[in-house]
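A quick write-up on the structure given underneath.
The values are calculated or read from the model by the stated rules, or taken from the named source; none is laboratory data. Everything quoted here is computed from the prediction, not taken from an experiment. Positions of Cβ are backbone-derived with ideal geometry, glycine not excepted, and every protein chain shown enters the neighbour counts.
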Ligand SMILES: [Zn+2]
């Protein structure tokens with residue numbers, strides 16, 4: 001599986017809108033940082049299913 005954001009091999013698969021998308025390590029970190037920022041502002045990003 002390829003990373004959703006670049007052409008590298010995906011190291012992780014995450015579910016987004018009930019679809020599985022691949023993320024390489026770098027983009028996973030960026031995504032996590034985005035989520036953390038969004039939560040700091042009190043807004044839940046789309047596709048985040050907290051379990
Ligand atoms: Zn990537």
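Among residues of region 15-28 being part of a strand (DSSP E or B) and within 12 Å of the ligand (Cβ to nearest atom), the one that is modelled with the lowest pLDDT is 21. Sub-6 Å Cβ pairs linking a first residue in region 23-50 that is surrounded by 12 or more Cβ atoms within 10 Å (Cβ to Cβ) to a second residue that is modelled with pLDDT under 70, at least 6 apart or interchain, are 35/45; 38/45, ordered by first then second residue.
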